[in-house]
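Enquirer: Take this structure, written in structure tokens, and hold onto it; I'll ask about it next.
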Amino acid sequence: MHKIAAELRHRELTQELYNIGDEVVEYIEHLIEAIEDWDDELTLDCLAELHDIVGDARRDSGRVVGELIGLRHALVSGVRAGTISAAVTGDFDIEAPRDVTARTLTLKFPLEGPQVISEMAHALQGRTFLVTDYLRDMVEYVLEQTDAVARNLDMVSLPQLYRRSGESVATAVEGWLHTVVHAQPAYARAMRGHNPPPFLEERARVNAIVAKVAAKRAAARKKGQTA
């Protein structure tokens, strides 16, 4: 591969790594919005979507990193010329957020014995805030680790990072479902619907545009067939 073409491909692949990380965190953010609306059904749907996205991210990041490693070896002359770094050094040793589980939630915000409504609400809201705060920390962690690998391919295994992150997110979300929604379903139902997830509005807008374009194409085809 010509050196200039290799450098362009290197930039494309590096951007693709960032895009993969962005997509993973986008679906974690969907979970945050679903939980903040206390919508257990949407939360389960978002969890299933995240599982699929993480699977894609593991496969795609492994492919991209493998090609990037080959390109960086091929561009050794470029390293000497100062046009590309085979490995960027620096402090990228980022600690993962401490896992949040059902046990974490019940220990931090206990609900034992008879509770007045205000105490129950405080505990359930506290559990919910703890989970969403944790998910936001995971968003930052995934973005930072993806950036670290884009700068230095030897930092961590992105496929393993996305697997571990997906599992940790799922554990926290399942803990919320168990200790909040399943523990006090009437309260969760009462809270649901007061904070509609913005991503649903965006999906509806995109779907409307897609449907409009599809309708125009169908009408054009029909007109062409009758002409």
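Read-outs throughout are calculated quantities, based only on the coordinates presented, and are distinct from any laboratory measurement. This one's a predicted model, so the numbers in the text were calculated from it and none came from an experiment. Because the Cβ atoms are built from the backbone with ideal geometry, glycine has one as well, and the counts that use them run over all protein chains shown.
Enquirer: Only counting other Cβ atoms within 10 Å, I'd like E41, E29 sorted with the fewest neighbours first.
Expert: Ranked by crowding around the Cβ, least crowded first: E41, E29.
Enquirer: For the chain, what is the calculated [θ] at 222 nm in deg cm²/dmol (nearest 500), taking -39500 (n - 2.57) for each run of four or more DSSP H residues and dividing by its residue count?
Expert: For the chain, the value works out to -26000 deg cm²/dmol.
Enquirer: Relative to the first principal axis of the alpha-carbon coordinates of the chain, what is the inclination of helix 117-151, with its axis defined by its Cα atoms, in degrees from 0 to 90 and to the nearest 10?
Expert: Approximately 10 degrees, to the nearest ten.
Enquirer: Please list, ordered by chain and number, the residues whose modelled amide H lies under 5 Å from the amide H of L153; skip anything fewer than 5 residues away on the same chain.
Expert: V88
Enquirer: Starting from 0.36 nm per residue, how many nanometres of slack lie between H194 and H178 once their C-alpha separation is accounted for?
Expert: That works out to 3.7 nm of additional length.
Enquirer: By how many nm would the segment from N19 to R59 grow when fully extended, if each residue of separation counts as 0.36 nm and the alpha-carbon distance is taken off?
Expert: That pair, N19 and R59, stretches by 13.0 nm at full extension.
Enquirer: Moving on to the next point. Rank the residues V24, V100, V139, V210 as a footprinting-exposure proxy: fewest other Cβ atoms within 10 Å of their Cβ go first.
Expert: V210, V139, V100, V24
Enquirer: Here's a follow-up. Could you line up D37, D154 from fewest to most neighbouring Cβ atoms inside 10 Å?
Expert: D154, D37
Enquirer: Using a Förster distance of 45 Å, how high is the FRET efficiency between E119 and A170, based on the Cβ-Cβ distance and rounded to 0.05?
Expert: Computed FRET efficiency for E119 and A170 comes out at 0.95.
Enquirer: Something else about it: Can you run phi through the Karplus equation (6.51, -1.76, 1.60; θ = phi - 60°) for the stretch 8-21 and list ³J(HN,Hα) in whole Hz, with x for Gly and Pro?
Expert: These are the phi-based 3J(HN,Hα) values: 5, 5, 4, 5, 4, 5, 4, 5, 4, 4, 4, 5, 4, x Hz.
Enquirer: Send over the Kirkwood Rh of the chain, from the inverse of the averaged 1/r over different Cα pairs, rounded to one decimal Å.
Expert: About 20.4 Å for the chain.
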